[in-house]
Structures are given as structure tokens and as C-alpha cells.
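Taking it in order: structure first as C-alpha cells, then the write-up.
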Amino acid sequence: MSQNKSLSTQEVADILHVSKSTIYELIRRGEINSYKIGRKVRFTQDDVDAYISRARHEQSVQPVRRVEISSTLLSPRPENGDGLVISGQDVVLDILANYLHQYGVTAQRCYLNSFEGLLALYEGKVDAAACHLYAADENTFNAPFVKRLVPGVPAALINISYRTQGFYVAAGNPKEIRGWRDLSRRDISILNRSPGSSARILLDEQLHRMNLQAGQIRGYEREMKSHLTMAAAIAEGEADLAIGTERISRQIEGLDFIPLLEERFDLVMRREFMETAAAEKLLEILRSASFKKEIRHFSGNDYRDLGRIIAEV
């Protein structure tokens with residue numbers, strides 16, 4: 001096979017003997033390189049070969065160590081969590097961790113959702129927790145959840161980006177889905193995220209506002225691991241609707257996006273930790289021109305307040 005041949009997602013899935021959803025998950029985690037032609041995701045054979053090589057020699061090539069952290073209140077911080085631990089599921093945080101390594105700061109990553117990340121921050125298992133949780137009763141993001149899940153702990157919210165949340169629907173929107181009220185239609189089935197994820201909390205808040213029960217929503221119990229795998233499933237016709245971010249919708253062919261609201265994505269740190277050299281370096285990196293330049297290619301995100309302290313609670 002020519003090294004310059006363009007490979008589709010399905011062809012790469014066939015080569016690696018995995019599903020297309022797994023390939024999208026590898027893209028999301030930055031484990032396999034890809035490029036786009038229009039809205040189509042494509043790969044080169046070199047991309048596939050590089051992924052296989054890294055998989056065989058993962059320990060020697062991965063600069064940022066991944067740590068497994070549970071959200072249970074009973075388990076201590078892991079012994080190998082002695083460096084700065086950043087929780088969250090956005091690729092921008094992976095880039096941040098790599099920058100910290102380059103500046104001599106030991107950084108580790110764990111991939112908890114927003115709710116779990118705040119609990120881990122309260123427990124002292126992580127030093128910085130990314131979140132984007134909508135509090136419908138106050139029509140704002142994050143601060144109310146920090147007060148509830150990190151009680152009695154002074155904390156600062158540092159902005160990473162603003163992102164548009166909305167519905168993933170099949171191309172052409174064949175079911176003519178327009179907004180939240182369509183969730184109650186019997187001809188609409190959805191895909192959901194796990195409890196504690198921002199999309200799940202946003203959905204539950206809207207159902208409460210409309211006096212709808214989870215059992216009234218077709219597919220409510222069908223949970224997916226990520227926005228990327230969920231968007232791919234919608235494009236493949238597994239359901240009619242799912243909640244996610246606009247940026248992910250641009251990576252999947254056969255998909256349309258219905259915008260609903262702008263969410264704020266913040267990094268939460270204890271105020272006492274803000275006084276450490278590691279935290280100061282983290283803020284310096286977020287506010288640097290080089291970091292902003294590197295992450296701006298993630299279309300669909302607005303970095304107008306990157307590195308700014310949005311609130312203190």
C-alpha cells in the first residue's frame with residue numbers, strides 16, 4: 001500500500017481490527033494522527049504505522065504519565081500522583097501538561113468528567129479540575145457546582161475556553177429537531193453520557209425544567225464514553241439525537257449540529273495551591289502567546305478569556 005494513500009476511518013478500523021467508534025476515541029485522546037478533507041477524517045499509512053509503533057513502545061515514548069483516579073471518597077491519592085495532577089477530558093489539557101513538562105514541572109493527567117473531577121479536587125487527589133457544568137437555576141456555569149462539591153474550600157476558576165453545546169443530528173436533520181421540547185417526542189431516540197458528565201447534567205437540568213421524567217425519553221439509558229463516539233453513533237443512525245460540543249461535530253461526516261447554548265470551560269484550583277510555583281507556571285503558560293497559538297486550531301472553541309481568573313469562591 002502506498003504510504004501517501006488516504007485512508008478512511010473504516011479502513012483504519014479494519015487495519016487495527018477495532019470499531020469506528022474506537023478510532024474516533026483514539027483521535028479524541030490524541031493517540032492517532034489524522035487530518036480532514038472538508039468534514040471527512042482521513043489518515044495516512046504513516047499515521048497508522050506510527051500509532052502501532054507507539055502502542056508497542058508506549059512506556060518509552062509517552063511524556064505525560066496517565067494516572068487512574070476514582071471518585072470514591074474512601075480511596076487516597078495514588079502513590080504515583082506525586083506531581084501536579086490535572087483532571088479533565090479536553091485535549092487542550094494534554095497540551096498544557098506537555099508544556100509543563102517542558103518547563104520542568106512534573107504533570108500528570110487523569111480523565112475524570114467534570115463532576116468527578118471536582119470531587120477529586122475536594123478529596124485532594126487532583127490539583128486542578130476542569131469543568132463545564134450548567135446550573136440552570138442560576139443560569140451560569142461551574143461556580144455553583146464548585147461551592148456544592150468543594151464545600152468550605154476557597155477556590156479559583158481559571159478560564160480555558162467557551163464552547164457551543166447543542167444537538168448532534170443526522171445530516172439534513174431528517175426528524176426536523178429544533179430544540180429541547182423535541183426530547184419528549186416518541187419518534188425521537190437519544191444517546192446519553194455517563195452520570196456526572198456535563199452533557200448528562202445539562203440534559204437532566206432541562207428535563208427537570210420541562211417536568212419530564214428520564215423514563216419518558218427514549219434511549220436515556222444508552223450511555224456513551226465520549227462526545228466523539230456519540231457523534232459517530234448518531235451519524236451512523238444508531239439514534240436521532242445526542243448532546244455535545246460543536247467542535248466535535250466538525251470532525252464527523254454525515255452529521256449536523258443544532259446550537260443551543262454557549263458553555264464556559266474552566267480549570268478549578270484551590271486558592272492555597274495557586275501560591276505554588278507549579279500553579280504560577282501553569283498560569284504563565286495559559287497566558288503565553290505560544291500556547292494560545294498552538295491551541296487556536298481547535299475550531300469551535302473561543303479562547304477570549306484563556307488564563308483569566310473568572311471567579312473565586
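Along each of its three principal axes, how wide is the spread of alpha-carbon positions in segment 191-313, in whole angstrom units, largest first?
50, 33, 22
May I ask for the equivalent-ellipsoid semi-axes of the chain, computed as the square root of five times each C-alpha gyration tensor eigenvalue and listed largest first in whole Å? Numbers along the way, then the final one.
Working: eigenvalues 180, 151, 59 Å².
After scaling each eigenvalue by five and taking roots: 30, 28, 17 Å.
In percent, how large is the relative contact order of the chain, given Cα pairs closer than 8 Å and 6 or more residues apart? The partial results should precede the final answer.
Values: 570 pairs, mean separation 67.5, N = 313.
Answer for the chain is 22 percent.
Given the options Ser288, Ser21, Ser114, state which has the largest fluctuation in a GNM of the chain using a 10 Å cut-off (strictly under) for Cα springs.
Taking springs between Cα atoms under 10 Å, the residue moving most is Ser288.
If you count only protein heavy atoms and use a 1.4 Å probe, how large is the accessible surface of Ile158, to the nearest 10 Å²?
About 0 Å², ignoring ligands and nucleic acids.
Given the -39500 (n - 2.57) contribution per DSSP H run of 4+ residues, what per-residue ellipticity at 222 nm results for the chain, rounded to the nearest 500 deg cm²/dmol? Provide the component values of the computation, followed by the final result.
Working: 12 runs with 104 residues, N = 313.
Computed ellipticity for the chain at 222 nm equals -9000 deg cm²/dmol.
With every protein chain present, what is the per residue accessible area of the chain (1.4 Å probe, Å²)? Working shown, then result.
Values: 14330 Å² over 313 residues.
Accessible surface, normalised per residue, equals 46 Å².
Output ³J(HN,Hα) for segment 206-217: one whole-Hz value per residue in order, computed from phi by the Karplus curve 6.51 cos²θ - 1.76 cosθ + 1.60 with θ = phi - 60°, and x for Gly and Pro.
Result, ordered by residue: 5, 4, 4, 4, 9, 6, 10, 9, 4, x, 7, 9 Hz.
For Ala311, list long-range residues whose amide hydrogen, built 1.01 Å from N in the peptide plane, is under 5 Å from its own amide hydrogen.
Under 5 Å from the amide H of Ala311: Leu157.
Rounded to whole Hz and in sequence order, give me ³J(HN,Hα) for segment 172-187 from the Karplus expression 6.51 cos²θ - 1.76 cosθ + 1.60, θ = phi - 60°, writing x for Gly and Pro.
Karplus-based 3J(HN,Hα) across segment 172-187 equals x, 6, x, 8, 6, 7, 10, x, 4, 4, 5, 4, 7, 5, 6, 8 Hz.
Ignoring any ligand, DNA or RNA, what whole percent of the accessible area of the chain comes from carbon and sulfur when the probe is 1.4 angstrom? Could the numbers behind the result be given before it?
Numbers: 6820 of 14330 Å².
Here carbon and sulfur together make up 48 percent of the probe-accessible area.
With θ taken as phi - 60° and the coefficients 6.51, -1.76 and 1.60, list the Karplus ³J(HN,Hα) couplings across segment 42-53 in order, rounded to whole Hz; mark glycine and proline as x.
Each residue of segment 42-53 in turn: 9, 9, 9, 4, 4, 4, 5, 5, 5, 4, 4, 5 Hz.
Which residues' amide hydrogens lie under 5 Å from the amide hydrogen of Ala128, considering only partners 5 or more residues apart or on another chain, with H built in the peptide plane?
Val85, Ser87
Among the listed pairs Lys20/Lys175; Lys5/Lys175; Lys40/Lys281; Lys5/Lys225, which are separated by more than 26 Å between their Cα atoms?
Values: Lys20/Lys175 24 Å; Lys5/Lys175 37 Å; Lys40/Lys281 38 Å; Lys5/Lys225 31 Å.
Among Lys20/Lys175; Lys5/Lys175; Lys40/Lys281; Lys5/Lys225, the Cα-Cα distance tops 26 Å for Lys5/Lys175; Lys40/Lys281; Lys5/Lys225.
The values are calculated or read from the model by the stated rules, or taken from the named source; none is laboratory data. Not measured: the values here are computed from a predicted model. All accessible areas refer to the heavy atoms of the entire protein, side chains included, with ligands and DNA or RNA removed. Shrake-Rupley method; radii C 1.70, N 1.55, O 1.52, S 1.80 Å.
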